[in-house]
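See below for the structure under consideration.
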Amino acid sequence: DAGVIQSPRHEVTEMGQEVTLRCKPISGHDYLFWYRQTMMRGLELLIYFNNNVPIDDSGMPEDRFSAKMPNASFSTLKIQPSEPRDSAVYFCVSSLGTAYNEQFFGPGTRLTVL
Amino acid sequence: KQEVTQIPAALSVPEGENLVLNCSFTDSAIYNLQWFRQDPGKGLTSLLLIQSSQREQTSGRLNASLDKSSGRSTLYIAASQPGDSATYLCAVWWDAGNMLTFGGGTRLMVKP
């Protein structure tokens, strides 16, 4: 398996623009998580899905953030409008069976909002 | 508040040295604890996962221990190598939680 795939790997955009981050989890994994990593706050869970259904989105910082998982092999995290403070590395993670199991991280998308 | 702390934030050792990385957590009611490695500009790679009923896990030169009562875990790296240089993070699933809580990480540098 190719592991968790994220695109793009790097994104530079201007404040106010819409940003869409994409993720393909490991086939067969039924949990998908979106994390954000910054120097100041470390790793934070934004939202996670089980069998394509959002389970907990309490980590989503604002209404500007939204996430979808239309099928088992694809998820998006959208920021609209983007702000400079959204600059971070966004990781997509998948796990098999339960949310407690070993978590497999994607390579991340480094987002820079100017 | 449930928190995970890793001290020190950075560590530099000569090659060949055995070393211990520390992780502490504020609530002993954990489901499991994971140790991850992160290389610069990369995602996290899971190294070891310890269930709450376990005391330790081993993989190659790595050994992770868990002491729930004291709220501590250690990652022991034997015979360190320059290739071990990375940031090591521990993370906890709490019993009553719904997310993995990460420590701030320890940045390890192993000098040749």
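Starting from residues that are among the β-branched types (Val, Ile, Thr) and at pLDDT 95 or above, keep the ones in segment B:5-25 and report whichever is nearest to B:Gly105 (Cα to Cα). Spell out how you get there, then give the answer.
Step one: filter segment B:5-25 for residues among the β-branched types (Val, Ile, Thr), giving B:5, B:7, B:13, B:20.
Cutting the leftovers down to at pLDDT 95 or above gives us B:5, B:13, B:20.
Values: B:Thr5: 8, B:Val13: 16, B:Val20: 13 Å.
Among residues in segment B:5-25 that are among the β-branched types (Val, Ile, Thr) and at pLDDT 95 or above, the one nearest to B:Gly105 (Cα to Cα) is B:Thr5.
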Only one of (1) closer than 26 Å to B:Trp35 by Cβ; (2) in contact with a Lys or Arg (Cβ under 6 Å, 6 or more places away or on another chain) is not met by A:Leu45, so which one is it?
-> (2)
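From the list B:Ser85, B:Ser46, pick out the single residue that is within 14 Å of another protein chain (Cβ to nearest Cβ) and polar (S, T, N, Q). Lay out the reasoning, then the answer.
Numbers: B:Ser85 fails: within 14 Å of another protein chain (Cβ to nearest Cβ).
Exactly one of B:Ser85, B:Ser46 is within 14 Å of another protein chain (Cβ to nearest Cβ) and polar (S, T, N, Q), namely B:Ser46.
Just to be sure before I move on: is A:Pro70 more than 11 Å from the chain's Cα centre (by Cα) and in a strand (DSSP E or B) in the structure I sent?
Details: more than 11 Å from the chain's Cα centre (by Cα): yes; in a strand (DSSP E or B): yes.
Yes.
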Output the residues belonging to segment A:43-57 that are touching a strand residue (DSSP E or B) at 6+ places or on another chain (Cβ under 7 Å) and either more than 12 Å from chain B (Cβ to nearest Cβ) or part of a strand (DSSP E or B) (or both).
-> A:Leu43, A:Glu44, A:Leu45, A:Leu46, A:Ile47, A:Tyr48, A:Phe49, A:Asn50, A:Asn52, A:Pro54, A:Ile55, A:Asp56
Filter result for A:Met40 (assigned to a loop (DSSP other than H, G, I, E, B), more than 14 Å from chain B (Cβ to nearest Cβ), over 11 Å from the mean Cα position of the chain (by Cα) and of a type in the set (A, V, I, L, M, F, W, C)) = no
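Being part of a strand (DSSP E or B) and surrounded by fewer than 19 Cβ atoms within 10 Å (Cβ to Cβ) is the filter; apply it to segment B:88-112 and report the residue that is nearest to the other protein chains (Cβ to nearest Cβ). It would help to see each step written out before you state the result.
Residues of segment B:88-112 part of a strand (DSSP E or B): B:88-94, B:100-102, B:106-111.
Then drop every residue that is not surrounded by fewer than 19 Cβ atoms within 10 Å (Cβ to Cβ), which leaves B:107, B:109, B:111.
Details: B:Arg107: 12, B:Met109: 18, B:Lys111: 24 Å.
This residue is B:Arg107.
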Are any of the residues in segment A:63-73 within 14 Å of chain B (Cβ to nearest Cβ) and open to solvent by 10 Å² or more (accessible area, probe 1.4 Å)?
-> no
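If you scan segment B:63-83, which residues turn out to be among the polar types (S, T, N, Q) and part of a strand (DSSP E or B)? Steps first, answer last, please.
Keep residues of segment B:63-83 that are among the polar types (S, T, N, Q), which gives B:63, B:65, B:69-70, B:73-74, B:80-81.
Once the filter is applied, which keeps residues that are among the polar types (S, T, N, Q) and part of a strand (DSSP E or B), segment B:63-83 yields B:Asn63, B:Ser65, B:Ser73, B:Thr74.
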With (1) part of a loop (DSSP other than H, G, I, E, B); (2) open to solvent by 20 Å² or more (accessible area, probe 1.4 Å) as the list, and A:Ser82 as the residue in question, which single condition is left unmet?
-> (2)
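Those residues that are of a type outside the set (Lys, Arg) and surrounded by fewer than 19 Cβ atoms within 10 Å (Cβ to Cβ), I need them from segment A:20-33; list them, please. Let's see the steps before the verdict.
Our first condition is that a residue be of a type outside the set (Lys, Arg); within segment A:20-33, this holds for A:20-21, A:23, A:25-33.
Listed by number, the residues that qualify are A:Thr20, A:Ile26, A:Ser27, A:Gly28, A:Asp30.
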Search segment A:85-101 for residues being on the phi < 0 side of the Ramachandran plot and loosely packed, with under 14 Cβ neighbours inside 10 Å, and hand back the single one that is nearest to the other protein chains (Cβ to nearest Cβ).
-> A:Thr98
Kindly indicate whether any position in segment A:51-62 is open to solvent by less than 60 Å² (accessible area, probe 1.4 Å) and touching a helix residue (DSSP H, G or I) at 6+ places or on another chain (Cβ under 9 Å).
-> yes
Mind counting the residues in segment A:6-35 that are touching a Lys or Arg at 6+ places or on another chain (Cβ under 8 Å), more than 11 Å from chain B (Cβ to nearest Cβ) and outside any loop (DSSP other than H, G, I, E, B)?
-> 5
Being surrounded by 17 or more Cβ atoms within 10 Å (Cβ to Cβ) and touching a Pro at 6+ places or on another chain (Cβ under 6 Å) is the filter here, so list the residues in segment B:1-60 that pass it.
-> B:Gly43
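The values are calculated or read from the model by the stated rules, or taken from the named source; none is laboratory data. What you see is a predicted model; the values in this text were computed from it and never measured. We place every Cβ from the backbone using ideal geometry, glycine too, and count neighbours over all the protein chains shown. These accessible areas exclude ligands, DNA and RNA; they are computed on the full protein's heavy atoms, side chains included. Shrake-Rupley method; radii C 1.70, N 1.55, O 1.52, S 1.80 Å.
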